[in-house]
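One structure below.
Quick note: the coordinates plus some simple rules give every number you see, no bench work behind them. Computed from a predicted structure; not experimentally measured. Note that each Cβ is placed from the backbone with ideal geometry, even for glycine, and that neighbours are counted across all protein chains shown.
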Amino acid sequence: MRFIDSDTDFPFSSAVVHGGKTFEAVVTGIPDGASQPVPGGAAAEMREAFRQLDGLLAAAGIDRRAVCTARLYLHDVLTDVAEVNVVWKEYFGSHPVVRRCYGVVLQAGMKVEAAFTAEIP
C-alpha cells in the first residue's frame with residue numbers, strides 16, 4: 001500500500017494505491033495550504049478539485065483516462081449540479097466515468113468534494 005500526499009496536520013492522505021492496481025483519492029475545492037475553498041462557486045471548486053486530482057494521478061503514474069468511478073458530494077446538489085456538469089464534461093470529455101452524486105452538508109464553506117477510483121495498469 002502506498003499513500004500519496006499525506007498531510008501532517010490531519011490524520012489522512014489525499015490518495016492511496018492498494019493492491020498495486022487500485023488508486024483512490026478524495027479532493028476538494030480547497031487548495032493546498034488554504035483553509036477556505038477557491039472563490040467562484042461550485043464550478044471553480046470543481047476545477048480546483050480536478051487540478052488536485054491531476055497531481056495525485058501523476059504521482060501514481062497515471063492520468064484521468066484511468067479514472068473509472070467517482071462519488072461527487074455537493075452542498076446544494078439541485079443548485080450546483082448543472083455548473084459542475086459543465087466542468088465535468090470539460091475535464092473528462094469522451095471518457096464516461098461512472099458517477100454518483102449526493103447532496104450533503106460540507107465543512108469549511110465548501111460546495112464540492114469528490115472521491116475518485118482509478119485503475120493502475
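Okay, here's what the table says:
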| read-out | value |
| --- | --- |
| PHE3-LEU78 pseudo-label distance in nm [points 7 Å out on the Cα-to-Cβ vector] | 4.0 nm |
| Whole-Hz ³J(HN,Hα) from phi, Karplus 6.51 cos²θ - 1.76 cosθ + 1.60, for segment 83-97, glycine and proline x | 6, 5, 4, 4, 5, 4, 5, 4, 6, 8, x, 8, 9, x, 5 |
| Positive minus negative residues near ARG71 (Lys, Arg vs Asp, Glu; Cβ under 14 Å) | 0 |
| Segment 112-121 - phi-based ³J(HN,Hα) in whole Hz, Karplus 6.51/-1.76/1.60, Gly and Pro as x | 9, 9, 9, 10, 10, 10, 9, 9, 9, x |
| Contour minus Cα-Cα distance for HIS18 and PHE92 (0.36 nm per residue) | 24.3 nm |
| The chain - convex hull of the alpha-carbon atoms, volume per residue in Å³ | 101 Å³ |
| Debye log10 I(q)/I(0) for segment 15-77, one point scatterer per Cα, at q = 0.20, 0.27, 0.29 Å⁻¹ | -0.83, -1.23, -1.32 |
